[in-house]
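Q: Structure in structure tokens, see below.
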Amino acid sequence: MRENKKVQIVLGDKEPKPTVRQVYDKLAVEFLNELSGWLRHCKEAGEYADVMSVAFWCRRGNIEKLREGLEDGLLHLGRGLLFHITPSNVPVNFVFSYFFGLLSGNANIVRLPSKDFPQVRILCQGIEEVLSHQEYRELRDTVQFVRYDRDKEINDYYSGICDGRIVWGGDETIGMLRQSPIPPKAVEVVFADRFSFGVIQSEAVVNASREELSRLAKNFYNDTYLMDQNACSTPHFIFWLGDQTEKGAEIFWEAVYQEALQYPLEDIKAVDKYTQLCRLAMEREDIKKIEQTAYSNLLYVVTLQDIPKDLEELRGSFGLFFQCPIHNLEQLSDVISPKSQTMLTFGVNSEKIDSFLREKGLRGIDRVVPFGKALDMGVIWDGYDIVRTLSRVVTHLL
Amino acid sequence: MEELWEQNPFSLNHQEKTKYYENRILELTKKHAEGCAPYAKLLRKFDFSIEKTHKIEDYPFLPVRLFKESELKSVGDEEIVKTMTSSGTSGQQVSKIYLDKATSTNQTKALVKITSEFLGKNRLPMLIIDSKSVVKNRKLFSARGAGILGFSMLGYNVTYALDENMNLDFDTVYRFLEKHKEENIFLFGFTFMIWEHFYKALAEVNHSVDLSRGILLHGGGFKKLESQAVDNETYKRELKRVCGIEKVYNYYGMVEQTGSIFMECEHGRLHASNFSDILIRNPKDFSMCKKGEKGLIQLVSVLPESYPGHSILSEDVGEIIGEDDCPCGRWGKTFKIYGRIKQAEVRGCSDTYERK
């Protein structure tokens with residue numbers, strides 16, 4: 001898109017042409033590994049845990065492991081050019097999106113978050129610098145990072161020339177991008193609004209050692225408070241299994257509260273959260289109990305009488321959670337929908353989870369992971385094998 | 001309520017006020033629990049008993065934003081005589097406040113009572129520092145319009161100082177002042193509008209306007225003036241410099257509790273009158289802040305009977321200066337305001353395109 005004043009070019013001189021490489025191409029892996037090193041040596045980058053997680057993710061060892069998942073003797077090639085729309089309020093998501101596009105053998109145009117996060121600046125600086133090395137010249141021409149405001153005309157243009165489109169940012173953004181057609185052969189990966197929840201075996205909490213409990217609480221904090229409970233994989237609702245649900249819950253929330261003491265609860269968040277709580281109290285008949293004052297304003301826990309029919313509407317933020325006891329996982333079948341994404345677990349029998357997933361014909365739940373891994377980004381996300389989807393398999397019969 | 005109409009609006013000391021409020025707030029809480037089902041449910045879910053009296057700080061408080069999201073009323077639709085809406089910049093939701101006859105009347109009476117402390121017992125000729133189009137054009141009708149209409153009952157020969165383009169209409173002002181040269185003048189407007197369209201116009205021209213007989217009431221907050229580094233002190237000093245006005249009183253109030261406004265006294269402190277009280281809460285746990293500690297402002301008013309707005313949590317930050325100890329001699333709590341709480345940068349992965 002030449003000479004469009006509305007598009008600000010952040011990285012990459014030229015608009016990339018469709019370029020096809022092999023999936024997990026050697027040069028790409030080398031580049032990522034070197035970027036990982038650059039980030040780990042960058043002093044400023046060290047101040048941001050999310051940038052460090054990027055550095056950790058893109059080191060050779062990790063990528064090689066991912067590559068193994070695709071070693072099936074078939075020829076996997078890229079599709080050409082990908083167009084990425086990344087979320088405006090998660091600083092490092094754009095770079096993962098770019099990595100997925102690169103590793104799947106494509107050229108990439110990435111719309112960056114409009115907010116000027118320092119993490120974005122650091123990551124762009126690292127990519128720019130490593131790409132400027134002679135050996136990565138080939139890759140340099142295959143990427144462009146851009147910024148622009150909501151603009152259908154620009155969306156139309158990039159959508160029209162791409163071989164694949166990746167849309168983060170939820171239902172509304174997807175709806176908007178769907179107004180801009182992509183070529184018939186192009187593929188699309190969209191990340192819609194999702195809902196995530198946790199299941200805890202109450203005995204496991206009651207019997208947990210002090211260390212185990214504190215690790216669980218720390219993990220839970222990272223899954224929730226760290227992103228203000230706004231990530232799609234953050235759990236809002238805890239279902240309690242077993243015979244000691246009340247005691248388990250009491251121990252668990254006390255441990256979470258201790259961990260939440262580090263949470264910067266800004267005034268506006270306290271008011272927002274209290275407003276949510278009042279609205280719930282005014283509207284919901286099925287509230288059995290509200291824990292409000294026990295944990296100061298850092299943690300509100302709303303206990304419901306039963307599994308709510310509108311489970312996926314129950315989203316808290318800034319430390320507001322829902323819970324209720326259940327007898328078995330099967331009871332959840334009715335409230336699992338295509339919107340259900342991640343089920344976080346602690347102490348739940350793995351075989352029971354497995355048969356629940358296999359046999360209940362659920363339309364949702366794309367991930368079951370232990371607490372602490374809610375936000376871990378992988379090449380398999382939201383039910384997609386992203387690298388496979390963004391590449392193609394070439395059949396070569398002799 | 002009756003006893004309050006008989007006396008000076010700043011007559012209750014701590015003890016008297018505590019006693020009166022314990023009864024009145026319980027009475028209002030019961031009334032709203034009976035009339036407003038969602039409110040009753042909230043009390044139940046919060047385990048709050050209306051069978052006994054509580055300390056004033058123990059009554060539940062509704063966050064103001066609830067009035068923007070829900071239609072809360074404690075009387076039948078047939079009893080509602082007036083619906084007030086709050087300000088809100090374009091795109092924002094507005095509060096809807098439902099008034100019955102009694103609440104509406106009490107609001108007016110309380111407003112008259114409180115302001116007469118500063119304006120005197122007699123009605124004064126009134127100059128509104130705004131444009132008539134704000135109240136005339138129903139489409140533009142806003143909290144600003146409602147505020148103007150509410151206050152304009154307090155004066156007579158109500159005259160608008162700004163024309164439709166918000167320019168100061170000097171001819172009108174001169175004619176008004178000439179006509180009322182023997183009387184004190186009541187001026188009213190919104191803090192920011194006065195500065196932007198009245199003060200600045202006066203500061204620019206050479207011919208002087210003498211408002212040394214004027215008494216100015218203004219409200220709405222200094223937020224928009226922060227960028228110009230104008231605080232209350234500067235505001236008063238500069239207004240005095242350009243038109244000689246000595247009596248400039250800020251007031252604090254919100255549409256959710258119209259009538260029981262908080263007036264700034266001659267010593268620059270905002271006062272809770274008999275009709276309302278101020279509590280400051282620590283945002284970390286909603287515990288009560290001590291004198292001199294900053295926190296969220298909770299407003300308690302004895303007026304609202306038709307909607308459960310007798311105890312609300314604002315999004316403003318303030319601190320208590322004192323109680324029953326203002327040098328101006330008025331009883332009750334005094335406080336100051338630091339403005340609105342900061343908007344949050346919310347993290348998360350939805351909303352790729354933020355709204356403009």
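Each reported figure results from applying straightforward, stated rules to the coordinates on display, with no laboratory input. Just so we're clear, the structure is a prediction, and the values are computed from it rather than from any experiment. Reconstructed Cβ throughout: ideal geometry from the backbone, glycine too, with neighbour counts over all protein chains shown.
Q: Could you state the number of Å between the C-alpha centres of the range B:234-298 and the range A:128-204?
A: Cα centroid to Cα centroid, the span is 50 Å.
Q: Give the angle, between 0 and 90 degrees and rounded to the nearest 10, that separates the Cα long axis of helix B:232-243 from the longest principal axis of the Cα atoms of chain B.
A: 30
Q: Nothing charged except the Cβ atoms of Lys and Arg (+1) and of Asp and Glu (-1): what's the magnitude of the dipole of the range A:123-165 about its Cα centre? Round to the nearest 20 debye.
A: Working: 6 positive and 10 negative charges, 26 e Å.
Dipole magnitude for the range A:123-165 comes out near 120 debye.
Q: Under 10 Å from the Cβ of residue B:184, count the other residues' Cβ atoms, weight Lys and Arg +1, Asp and Glu -1, and hand me the total. Before the final figure, lay out each step's value.
A: On the way: positive: B:213, B:247; negative: B:182, B:183.
Residues near residue B:184 contribute 0 overall.
Q: Separate question: When the Karplus curve 6.51 cos²θ - 1.76 cosθ + 1.60 is applied with θ = phi - 60°, which whole-Hz ³J(HN,Hα) does each residue of the range B:311-328 get, with x for Gly and Pro?
A: 8, 10, 9, 7, 10, 9, 9, x, 8, 7, 8, x, 9, 6, 9, 6, x, 6
Q: Please check: in the Gaussian network model of chain B (C-alpha springs, under 10 Å), which one of B:277, B:171, B:325 has the largest mean-square fluctuation.
A: B:171
Q: Still on this structure: What is the fewest-to-most order of B:328, A:324 by other Cβ atoms lying within 10 Å of their Cβ?
A: On the way: B:328 14, A:324 20.
In increasing order of surrounding Cβ atoms, one gets B:328, A:324.
Q: Non-local amide H neighbours of residue A:340 (under 5 Å, H modeled in plane, Pro and chain starts lacking H): which ones?
A: A:195, A:365
Q: For residue B:250, which sequence-distant residues (separation of 5 or more, or a different chain) have an amide H within less than 5 Å of its own amide H, given hydrogens modelled in the peptide plane?
A: For residue B:250, the qualifying residues are B:218, B:264.
Q: Provide the net charge surrounding residue A:164, with neighbours chosen by a C-beta distance below 13 Å and charges set as Lys +1, Arg +1, Asp -1, Glu -1. Don't skip to the answer; put the middle values down first.
A: Values: positive: A:79, A:165, A:185, A:388, A:392; negative: A:163, A:188.
Local charge sum for residue A:164: +3.
Q: Same structure again: Restricting to Cα pairs below 8 Å that are 6+ residues apart, what does the relative contact order work out to for the range B:210-356? Please round to a whole percent. Mind showing how you got there, number by number?
A: Working: 257 pairs, mean separation 25.5, N = 147.
Result for the range B:210-356 is 17 percent.
Q: So what's the gap between the Cα centers of the range B:51-75 and the range A:47-112, to the nearest angstrom?
A: 50
Q: Quote the charge dipole size of the range B:221-295 about the Cα centre in Debye, to the nearest 20; the model charges only the Cβ of Lys and Arg (+1) and of Asp and Glu (-1). Before the final figure, lay out each step's value.
A: Values: 13 positive and 11 negative charges, 33 e Å.
It works out to roughly 160 debye.
Q: Which of the pairs B:200/B:247; A:269/A:373; B:240/B:333; B:109/B:342; B:55/B:284 have their Cα atoms more than 23 Å apart in this structure? Don't skip to the answer; put the middle values down first.
A: On the way: B:200/B:247 19 Å; A:269/A:373 25 Å; B:240/B:333 28 Å; B:109/B:342 35 Å; B:55/B:284 21 Å.
Check vs 23 Å cut-off fails for A:269/A:373; B:240/B:333; B:109/B:342.
Q: Please report the antiparallel percentage of DSSP beta bridges with both residues in chain B, rounded to the nearest 5. Intermediate values should be presented prior to the final figure.
A: Details: 31 of 52 bridges.
The answer is about 60 percent antiparallel.
Q: Within a 10 angstrom radius of each residue's Cβ in A:269-277, how many Cβ atoms of other chains show up on average? Whole number is fine.
A: Numbers: counts 4, 10, 10, 5, 1, 9, 9, 2, 4.
For peptide A:269-277, the averaged partner shielding equals 6.
Q: Could you put A:366, A:334 in order, starting from the residue whose Cβ has the fewest other Cβ atoms within 10 Å?
A: Working: A:366 18, A:334 11.
Lowest count first: A:334, A:366.
Q: With the cut-off at 1.5 for a/c, could you classify chain A from its C-alpha gyration tensor as rounded, prolate or oblate? Walk me through the numbers on the way to the answer.
A: Numbers: a/c = 1.86, a/b = 1.72, b/c = 1.08.
Since a/c reaches 1.5 and a/b is larger than b/c, the shape of chain A is classed as prolate.
Q: Suppose every Lys and Arg Cβ carries +1 and every Asp and Glu Cβ carries -1, with no other charges. What dipole size does the protein assembly as shown come out with about its Cα centre, to the nearest 20 debye? Intermediate values should be presented prior to the final figure.
A: Working: 98 positive and 108 negative charges, 260 e Å.
Dipole size: approximately 1240 debye.
Q: Here is a follow-up. Sort A:15-22, B:104-111, B:249-256 by packing, meaning the average of other beta carbons within 10 Å per residue, with the highest value first. Let's see the in-between values first.
A: Values: A:15-22: 16.6, B:104-111: 19.9, B:249-256: 21.9.
Most protected by this proxy first, the peptides run B:249-256, B:104-111, A:15-22.
Q: Could you list B:338, B:39 in order of exposure, starting from the residue whose Cβ has the fewest other Cβ atoms within 10 Å?
A: Numbers: B:338 13, B:39 26.
Least crowded to most crowded, the residues run B:338, B:39.
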